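Each value in this text was obtained by applying a stated rule to the coordinates, not by laboratory testing. What you see is a predicted model; the values in this text were computed from it and never measured. Every residue, glycine among them, receives a Cβ derived from its backbone with ideal geometry; neighbour counts consider all protein chains shown.
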Ligand SMILES: *Cc1c(COP(=O)(O)O)cnc(C)c1O
């Protein structure tokens, strides 16, 4: 935060007035709000969180993709930070553990949240089990019915998983009254989880991306990677890559490096990869917008496709969000981070090349970063450039094999929005 080229515009209410930390504390635990608004450069990781990190697989390995380099015939050296070793298979546990720890410290008995395909829900379910905090996950109904594996994982960790829209909330009941077969959406699930937290004692809401606090928690990834590259005696990276849904794994990996870049101490290109189906950074606008489709959250100034934007269905469910983190939006505006967008067929093709060379199967989200890395490595070959390319392998794809099945069977289609209607985004000054 203190190193950004400009300050993040404060969150606002629909009438334009600023949102205070007190307002945020109605929804989130106090300790999380402190992390949200802090401008400290470093915050010590609390001891119980550090212990949990160590026991669950941190530091995660930084691996060199040597066989991939050979197959591509590139002079570039490629490294990846493998977050897939964490128990739920992705980076999301890094913030889930902090959030459950803060909740338990403050006497919060129950956390509510939403989940689409279940990556975030399973990470929070695990963290709740570790710190003895109950977790209720509102899971988008179609995913609840069609993607059982992560639902089972959440239930195994002891979380209560509720198909959304549900009868637990007023929002849910009203939707079901009009449309008993409503398939649900992430926006509805967020609205239900927030209403639940606001209307029950000792209950708070938990979010897995976009917030400054969440990005802060994820920086453990980049801090480890910096140390690991140093210990290997490797040159500083020339290219840093990550995929972007709300921006948390990207920021977690790149921000410690970007701090050096902003001080002129690192000369690296930083590339943020998004799907062409949800192109918030490459085709969105920079405006104040809601975080959820119902318009219950504070407004954040960010690159957005509009809070009611419904992206075409793609397998990278974690990248189907309409906005991106405010700090990342600023870095894109200032040209510090370069956004690119890819189609899902080319992304799955890249993932296959990677899996055959390295063995690890990328999550469809992670595969977006893999595609960009392969393009950079092939460009290095054409230019005869010695590059050091480092990327964040945000998660493995072993629970996403349906997408790979569709890809191998030739059933994948590239779906791109033609006209993106931005007219309903609220107009606020500034
Ligand atoms: C959720 C998820 C993402 C996208 O979320 P960010 O907050 O942008 O990191 C990316 N990769 C994996 C494996 C995920 O589970």
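For the range 184-314, taking Cα atoms only, Rg and Dmax work out to 17.5, 54 Å respectively. Against the longest alpha carbon principal axis of the chain, how many degrees, from 0 to 90 and to the nearest 10, is the axis of helix 248-262 turned? Between helix and principal axis, roughly 60 degrees. Can you tell me the alpha carbon radius of gyration of the chain divided by the globular rule-of-thumb value 2.2 N^0.38 Å? Dividing the Cα radius of gyration by 2.2 N^0.38 Å gives 0.92.
The angle between the Cα long axis of helix 364-383 and the longest principal axis of the Cα atoms of the chain comes to about 20 degrees, rounded to the nearest 10.
What area, in nm² and to one decimal, does the C-alpha convex hull of the range 88-167 cast on average over all directions?
In nm², the orientation-averaged hull projection of the range 88-167 is 4.7.
Note on residue 43 and residue 145: their simple-model spin labels are 4.0 nm apart, each label 7 Å out from Cα toward Cβ. Over all projection directions, the Cα-based convex hull of the range 372-422 averages an area of 6.9 nm². Projecting label points 7 angstrom from Cα along Cα→Cβ for residue 23 and residue 1 puts them 1.6 nm apart. Computed over the range 77-226, the quotient of the alpha carbon radius of gyration and 2.2 N^0.38 Å is 1.07. With a Förster radius of 56 Å applied to the C-beta separation of residue 174 and residue 67, the computed FRET efficiency comes to 0.55. Angle, helix 186-199 long axis vs. longest principal axis of the chain, Cα atoms, 0 to 90°, nearest 10? Its long axis makes an angle of about 50 degrees. Computed extension length for residue 15-residue 50: 8.5 nm, one decimal, from 0.36 nm per residue of separation with the Cα-Cα distance subtracted.
Mean residue ellipticity at 222 nm, helices only, the chain: -12500 deg cm²/dmol; runs of at least 4 DSSP H residues each add -39,500 (n - 2.57), and the sum is divided by the number of residues. P(r) tail for the range 299-412: Cα pairs beyond 18 Å make up 58% of the total.
Beyond 19 Å, the tail of the calculated P(r) for the range 1-141 holds 65 percent of the Cα pairs.
What is the packing order of peptides 401-408, 272-279, taking the mean over residues of other C-beta atoms within 10 Å and listing the highest first?
Numbers: 401-408: 16.1, 272-279: 24.9.
In decreasing order of mean packing, 401-408, 272-279 become 272-279, 401-408.
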